[in-house]
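The values are calculated or read from the model by the stated rules, or taken from the named source; none is laboratory data. A quick note: this is a predicted structure, and the numbers were derived from the prediction, not measured. All Cβ positions, glycine included, derive from the backbone under ideal geometry; neighbour counts span all protein chains shown. Protein only, heavy atoms only, side chains kept; ligands, DNA and RNA dropped before computing areas. Shrake-Rupley method; radii C 1.70, N 1.55, O 1.52, S 1.80 Å.
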Amino acid sequence: MVDVLSQNEIDALLAALSSGEMDAEELKKEETQKKIRAYDFKRAVRFSKDHIRSLTRIHENFARYLTTYFSAQLRTFVQINVVQVEQLPYDEFIRSIPKMTILNIFEAEPLEGRMVLEVHPNVAFAMLDRLLGGIGMAPSKIGSLTEIETIIMERIFSRAFESLQEAWKTVIDISPRMEGLETNPQFMQIVSPNETIALISLSTKIGDTTGMINLCIPHVVIEPIMPKLSVHHWFVSQKKSRAPEEVDALRNRVNKAKLPIVAELGESQITIQEFLGLSVGDVISLNKPVHDGLAIRVGDKLKYIGSPGTLKDRVAVQIDEIVSEGVEELDE
């Protein structure tokens, strides 16, 4: 990453060169020397910026679905937004979360491996309080979960995975399934400590309670579908063919649409005085000879050429020619 100097730093650099504190020749020598950048093998870069952008886009949808789901379940104001998507070692993630938290361990077939949805205790207990008839406040002191509280937590978060399934539909059809609920991060070892993970951090607000929900996705789990997270695949996948029933429904609606059809005998221009003086029996000369075809318009588009006549004592027009697309009508 290229360092960008601020204006103050540029001014200080110019002043140092002018005063002789820094030598321009020495700076040039330093530039020509080979640059060595330290690389930490424990923090291997497995996700490109392209992958991070795709994961961000997917989980922004996940946040919206989750907001709708929790709002309906808790019957209170819920706001969930993606704060950050980053990659880091699994061990660093474990050390960054509270010692007592809610860890929803799940699998998502056909992907192989386990993932974790970590919910901050403030958020989890605010949900629990709301579901049990409270106002949605987190307790000042958080202890271990009772058996009933564990069952309630498992049920609400098991259904939350349906939102994850919906968000990932544009990439792959997954079937998330809750495997277990844990409260101590030290007892949860889904991958090796140095394994790179994608960490999606969601800021969550339930009523007046705020906290974080973190989704941990190990690289080894989504490695088989990494090509599908590229921008090229993302946009190509948007062009899906319509289902036969959609095509039939569209055709039926088009067939039922009503359009005005007008057969024009011709045009004429007269003055206002002539118009006011018209009476029964007067003849108005048109701009087309009698034997020329009539212009038949569908809407405002010229589509056919026809000839006038009668059918069963009613005025009618017969279509003699179909006007090709792109042919412009010539002014007489």
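Points to keep in mind about this one:
- Sole residue being of a type in the set (Ser, Thr, Tyr) and at pLDDT 90 or above, chosen from Ser140, Ser163, Ser144: Ser163
- The residue that is nearest to Ile222 (Cα to Cα), among those in the stretch 120-160 that are among the polar types (S, T, N, Q) and open to solvent by 40 Å² or more (accessible area, probe 1.4 Å), is Ser158.
- The residues of the stretch 236-251 that are surrounded by 10 or more Cβ atoms within 10 Å (Cβ to Cβ) and either modelled with pLDDT of 80 or more or hydrophobic (A, V, I, L, M, F, W, C) (or both), listed by number, are Val236, Glu246, Val247, Asp248, Ala249, Leu250, Arg251.
- Residue-level analysis places Ser163 outside the set of residues that are of a type outside the set (Phe, Trp, Tyr) and open to solvent by 60 Å² or more (accessible area, probe 1.4 Å).
- Candidate set from the stretch 269-301 (those that are among the acidic types (Asp, Glu) and more than 60 Å from the chain's Cα centre (by Cα)); member that is modelled with the highest pLDDT: Asp282
- For the stretch 58-67, the candidate set comprises residues that are touching a residue at least 40 places away in the same chain (Cβ under 8 Å) and not aliphatic (A, V, I, L, M); within that set, the residue that is farthest from Thr196 (Cα to Cα) is Tyr65.
- Residues located in the stretch 269-313, provided they are of a type in the set (Ser, Thr, Tyr) and either open to solvent by 100 Å² or more (accessible area, probe 1.4 Å) or assigned to a strand (DSSP E or B) (or both): Tyr304, Ser307, Thr310
- For the stretch 185-212, the candidate set comprises residues that are touching a strand residue (DSSP E or B) at 6+ places or on another chain (Cβ under 8 Å) and open to solvent by 30 Å² or more (accessible area, probe 1.4 Å); within that set, the residue that is nearest to Arg46 (Cα to Cα) is Glu195.
- For the stretch 252-268, filtered to residues that are β-branched (Val, Ile, Thr) and open to solvent by less than 100 Å² (accessible area, probe 1.4 Å), the residue that is modelled with the highest pLDDT is Val262.
- Test for Ala263: is it outside any strand (DSSP E or B) and among the small types (Gly, Ala, Ser): no
Yes/no matrix, rows are residues, columns are (1) in contact with an Asp or Glu (Cβ under 9 Å, 6 or more places away or on another chain); (2) farther than 20 Å from Leu202 by Cβ:
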| residue | (1), (2) |
| --- | --- |
| Ala108 | no, no |
| Arg114 | yes, no |
| His120 | no, no |
| Met127 | no, no |
| Arg130 | no, no |
| Gly133 | no, yes |
| Met137 | yes, yes |
| Ser144 | no, yes |
| Met153 | no, no |
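- Leu117 satisfies every condition listed in (1) at pLDDT below 90; (2) open to solvent by less than 10 Å² (accessible area, probe 1.4 Å) except (1).
- Of all residues in the stretch 175-203, those that are in a loop (DSSP other than H, G, I, E, B) have Cβ atoms under 7 Å from Cβ atoms of residues that are open to solvent by 30 Å² or more (accessible area, probe 1.4 Å) and small (Gly, Ala, Ser), 6 or more apart or on another chain, in Thr183/Ser144.
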